[in-house]
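Below is one structure, written out as structure tokens; the observations come after it.
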Amino acid sequence: ATCSVDRFLMLWKLKSQCRAYRFAGHAEAVTSVEFSPNGQVLASASQDHTVRLWIPCIHGESSVLKGHTASVRSVSFSHDGYSVISASNDKSIKIWSVCSQRLLFTLFQHTRWVRCAKFSPDGRIIVSCAEDNSINIWDTRSKICVNSFSDYEGYANFVAFNPSGTCIASAGSNHAVKVWDIRTNKLLQHFRVHRAGVNCISFHPSGNYLITASSDGTVKILDLLEEGLIYTLHGHQGPVLCVAFSEGGEKFASGGADAQVLLWKTNFDTLDYKDVLKHNYRRTHVDDPPHLLDIYPRSPHLHDGKFESVEVDPSFDVPDTLTPDPIVIEIRPASTIST
């Protein structure tokens, strides 16, 4: 599922006969979209101040959740699919019931636009980031902010929990990617591998890799165990706005300001990137080494010296990069989802 400033929600069927379903309903740009854990419902956020719940079928059933007074930046489901969380330019975070389609509660503490909010994998805590340069941790039972990380170099555009729920990663407007341990409230890793703001991040289901999307036009893959950059991916013409791994981690998708969505296949489990380096030596470049601020003393330091990575450009790495345009089926909202 993809969303765009063209106000449409697109559902792509990627089987042998590729089809695309275009859902209309939002009055302004759609900023975020996510499947529920069971895949039966879609949630979307928009600059029209609303959140919508969709049944992804040809009937176009949807429900509108109203309550925000400004653009909604992000929307995300809880692990059980019963709740949806939204973050808005009205400086608030709202939690909605999917079953009753009503507002459950609102969280206030950020002093500027809230860019992203996510549930932890177990649903007990929430992480949010805003343009006030803070990343807040909330207890869903007490509904209070229990901790806050501040980044005086800039604000986070996006935050995400690792699969185990012990760490969060932030995508910074200051070009940095940071990983925090929420048990010890310490910064574990600090990567500076992009040359512009980082807009989105996604953890691999194993928790060993982190993929990043940046306004410098690249997607990068970080190995969190080896603590370094392993792949730099080109393909978008302009800023890369979002990225997400598939549920099993065998694929990931990226979306850009060039109105393109690219689908990539991973090879983490079949290839050692050091072996890939040997076969791609002519196209191997050396990135600036990531800066690691680690609370645990290490000797020798892992980032002494240059770090090699593989640079991948589909224009000459992948044959037949252009597939026929899919059949697009227009779907208009026909009715409201029944409770």
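The values are calculated or read from the model by the stated rules, or taken from the named source; none is laboratory data. Source: prediction; values computed, not measured. Please note: Cβ atoms are built from the backbone with ideal geometry, for glycine as well, and neighbour counts cover all protein chains shown. SASA here: full protein model, heavy atoms, side chains in, ligands and nucleic acids out. Shrake-Rupley method; radii C 1.70, N 1.55, O 1.52, S 1.80 Å.
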Q) So what are the range 30-103's ellipsoid semi-axes, whole angstrom, largest first, if each one is the square root of 5 times an eigenvalue of the alpha-carbon gyration tensor? A) 19, 13, 10
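Count the DSSP beta bridges whose two residues both fall in the range 68-183, then state the antiparallel fraction as a percent rounded to the nearest 5.
Details: 42 of 42 bridges.
Close to 100 percent.
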Q | Efficiency of FRET from Cβ geometry, Ser97 and Asn267, R₀ 41 Å, rounded to 0.05 | A | 0.50
Q. Tell me, what is the Rg over Rh of the range 50-143, with Rh the Kirkwood radius over Cα pairs?
A. 0.97
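Quantify, in whole percent, the carbon and sulfur part of the accessible surface of the range 1-120 (1.4 Å probe; protein heavy atoms only).
Working: 2610 of 5270 Å².
Of the solvent-accessible surface of the range 1-120, carbon and sulfur hold 50 percent.
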Q) Per residue, how many Å² of accessible area does the range 34-134 show with a 1.4 Å probe? A) 39 Å²
Q: Calculate the length of the line joining the C-alpha centroid of the range 8-45 to that of the range 233-266, in whole Å.
A: 16 Å
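Only four residue types carry charge here, +1 at the Cβ of Lys and Arg and -1 at the Cβ of Asp and Glu. Report the dipole size of the range 1-120 about the Cα centre in Debye, rounded to the nearest 20.
Values: 14 positive and 7 negative charges, 31 e Å.
So the dipole magnitude of the range 1-120 works out to roughly 140 debye.
Where in the range 125-178 are there trypsin sites (Lys or Arg not before Pro) that are in a DSSP coil and have at most 15 other Cβ atoms within 10 angstrom of their Cβ?
Values: sites: Arg141, Lys143, Lys178; in loops: Arg141, Lys143.
Of the trypsin sites (Lys or Arg not before Pro), the ones in loops of the range 125-178 whose Cβ has at most 15 other Cβ atoms within 10 Å are Arg141, Lys143.
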